[in-house]
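Down below is the structure, laid out as structure tokens.
The values are calculated or read from the model by the stated rules, or taken from the named source; none is laboratory data. Keep in mind the model is a prediction, meaning the values are calculated, not measured. Reconstructed Cβ throughout: ideal geometry from the backbone, glycine too, with neighbour counts over all protein chains shown. When the accessible area is computed, the model is the full protein with side chains, heavy atoms only, and any ligands, DNA or RNA have been set aside. Shrake-Rupley method; radii C 1.70, N 1.55, O 1.52, S 1.80 Å.
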Amino acid sequence: AKSSPFGENMATIHALTAAIDAKDHYTFQHSKDVAIYAAALAVKIGFNDEQIAMIYEGGLLHDIGKISMPEMILSKTSALTASEYEIMKSHVNNSIDIIRHLPDMEYVVPIVIGHHERWDGRGYPRGLKGEENSLPARCLSLADTYNALTSDRPYRKGISCEKAASVIEAESGKQFDPE
């Protein structure tokens, strides 16, 4: 059975997010923020409580695969090289591999798989295009990008909420679902 954000799976989810926090505090805070933003978007769209809970849980777990990333990549203060970026992209499949070991959590896999997919099909890891990527995953992708844009990183300052909204609007129909 699927759980709610306050259900039995939350203890496992919190244990995993605490593990990532021990390695990379940015990823831990980012995942919490993305979960909140994605759930708020799901509420606005009119999803039911079960769908909102799944999106929230997917948000918490979407980057758990970064626990396998070398620390020098996670904390790098300049742009990633092409080979480092390829390594970083593997975090999605690593997240899925971890989630598949969690009892009764398979339902978040499609949400997590799609968080770096793009409406135009140029995303990763599967190159899903348009509605091939689930609506919950598209919500998570939008929340993930918004948080990444507005957060300070070692290699750049975050941008304002207004500028982030402009970037997202400009990417409508390209990176993001036009609706």
When the chain is modelled as a GNM with alpha-carbon springs shorter than 10 Å, which of Gly123, Gly58, Gly46 fluctuates the most?
-> Gly46
Could you order Glu84, Glu169 so the one with the most accessible surface comes first? Probe is 1.4 Å.
-> Glu169, Glu84
Cross-link pairs Lys76/Lys163; Lys32/Lys89; Lys32/Lys66; Lys32/Lys157 - those with Cα-Cα distance over 22 Å | Lys76/Lys163
Relative contact order (%) - criterion: Cα under 8 Å, at least six apart; region: the chain = 21
So which residue, out of Asn94, Asn48, Asn133, gets the largest mean-square fluctuation from a GNM of the chain using Cα contacts under 10 Å as springs?
-> Asn48
Quick one: which residues, 5 or more positions from Arg153 or on another chain, have an amide H under 5 Å from its amide H? H modelled 1.01 Å from N in the peptide plane, none for Pro or chain starts.
-> Gly158
Efficiency of FRET between Thr12 and Glu132 - r from beta-carbon atoms, R0 22 angstrom, step 0.05 | 0.15
What is the stretch 73-144 by shape, rounded, prolate or oblate, if you read a ≥ b ≥ c off the alpha carbon gyration tensor as root eigenvalues and call it rounded for a/c under 1.5, prolate for a/b larger than b/c, and oblate otherwise?
-> oblate
Each label point is 7 Å from the Cα along the Cα-to-Cβ direction; what then is the distance between the points at Cys161 and Arg122, in nm?
-> 3.0
Heavy-atom accessible area of the chain with neighbours in place, 1.4 angstrom probe: carbon+sulfur share in percent works out to 56
Per residue value of the accessible surface for the stretch 27-179 (all protein chains in place, 1.4 Å probe), Å² | 49
With every protein chain kept in the model, how would you rank Phe47, Phe176 by accessible area, 1.4 Å probe, largest at the top?
-> Phe47, Phe176
Taking 0.36 nm per residue of separation and subtracting the Cα-Cα distance, what length does fully extending Thr81 through Leu102 add?
-> 4.3 nm
